[in-house]
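FYI, it's all coordinate maths here, none of it is from the lab. Not measured: the values here are computed from a predicted model. Using ideal geometry, Cβ is built from the backbone for each residue, glycine included, and neighbour counts are taken over all protein chains shown.
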Amino acid sequence: METTRGKLLFEHQGYLYVFNKQSSNKIIWCCRQYRHGKCRGRLHTIDDQVVHLIDDHNHEPVHSAREVVESRTIMNNAAKTTSRSTHDIVADGLSTLSDHAIASLPNLKNLKRTVQRIRQRHQNPLALPKDRTSLVIDPEFMKTNRNRTFLQFDSGSVDQRMLIFSTKKQLRMLENATHIYLDGTFSVVPELYFQLYTIHVEYLHH
């Protein structure tokens, strides 16, 4: 098992341990809460067998810990190696979990954000849809790099589907503009769509 950052994990009796160091054939593990929770739980393993345990935890065990980590590992691997949507990856990862395991997970928004970050790091693009009705816009493309809403309107999964992208600031600029310029572009538009229509305004004399 691994963390989302690729560090080795070991589960024992409901506690998760992170790889600390290796000495000869022995691996020393620290409780995952040692940094943020100041937990002093430790254990040593040889060939994945616990040979020494320092059971000095300052928190209760989570007996669904292994189940949760394995599920998140599956999600992370899917983000690295497939072009499936973020929604589908997370939904599949949650589908086999017990209610107790789901309750111990971060909220859905955070899970999706983790999958999106992993996908970005591995530059794994989404598959192109076959038609407009099957187009699913991944949440990462609905916001700007500063996490501001960018998809302002989506008419839904209909044949004449319309998407409007803009930030709130750009909409205010449009509302207050005295000069507005329109441009319909055909050559750069994906085959699924007929036209990309852009709206420009003068702002700060530009």
Inset, instruction - Going by C-beta contacts inside 10 Å, put Phe153, Phe141 in order with the fewest on the left. - result: Phe153, Phe141
Inset, instruction - Could you calculate the contour length gain from Asp56 to Met1, that is, 0.36 nm times the residue separation minus the distance between their Cα atoms, to one decimal place in nm? - result: 17.5 nm
Legend entry - Residue order, fewest to most surrounding Cβ atoms within 10 angstrom, among Ser85, Ser23: Ser23, Ser85
Inset, instruction - Rank His100, His52, His87 by mean-square fluctuation in a GNM of the chain with C-alpha springs under 10 angstrom and give only the top-ranked residue. - result: His52
Inset, instruction - Could you calculate the FRET efficiency of Gln13 with Leu94 from 1/(1 + (r/R0)^6), where r is the beta carbon distance between them and R0 is 30 Å, rounded to 0.05? - result: 0.75
Inset, instruction - Among the lysines, select those whose C-alpha is under 30 Å from the C-alpha of Lys109, and discard any that sit fewer than 8 residues away in the same chain. - result: Lys7, Lys38, Lys80, Lys130, Lys143, Lys168, Lys169
Inset, instruction - Taking the Cβ of each residue in Ser71, Ser166 as the centre, tally the other Cβ atoms inside 10 Å and list the residues starting with the fewest. - result: Ser166, Ser71
Legend entry - Contour minus Cα-Cα distance for Arg148 and Asp48 (0.36 nm per residue): 31.4 nm
Inset, instruction - With r as the distance between the Cβ atoms of Ser166 and Leu135 and R0 = 22 Å, compute the FRET efficiency 1/(1 + (r/R0)^6) and round to 0.05. - result: 0.70
Inset, instruction - Considering Cα pairs under 8 angstrom that are at least six residues apart, work out the relative contact order of the chain and quote it in whole percent. - result: 11 percent
Inset, instruction - Using +1 at the Cβ of each Lys and Arg and -1 at the Cβ of each Asp and Glu in the range 1-119, identify which of Pro106, His12, Ser83 lies farthest towards the dipole's positive end. - result: Ser83
Inset, instruction - Please state, rounded to one decimal and in Å, the Kirkwood hydrodynamic radius that the range 65-122 gives when every pair of distinct Cα atoms enters the mean of 1/r. - result: 11.2 Å
Inset, instruction - Per DSSP H run of at least 4 residues, take -39500 (n - 2.57); add these up for the chain, divide by its residues and hand me the 222 nm value, nearest 500 deg cm²/dmol. - result: -8500 deg cm²/dmol
Inset, instruction - Starting from the amide H of Cys39, placed 1.01 Å from N in the peptide plane, find each other amide H under 5 Å away whose residue is 5 or more places distant or on another chain. - result: Tyr34
Inset, instruction - Between His87 and Gln120, with labels modelled 7 Å along Cα→Cβ, what's the label distance in nm to one decimal, could you check? - result: 2.1 nm
Inset, instruction - Rounding to the nearest 20 debye, state how big the charge dipole of the chain is about its Cα centre with +1 on each Lys and Arg Cβ and -1 on each Asp and Glu Cβ. - result: 820 debye
Legend entry - the range 132-201 pair-distance distribution - Cα-Cα, 5 Å bins, rounded %: 3, 14, 20, 23, 21, 14, 3, 0
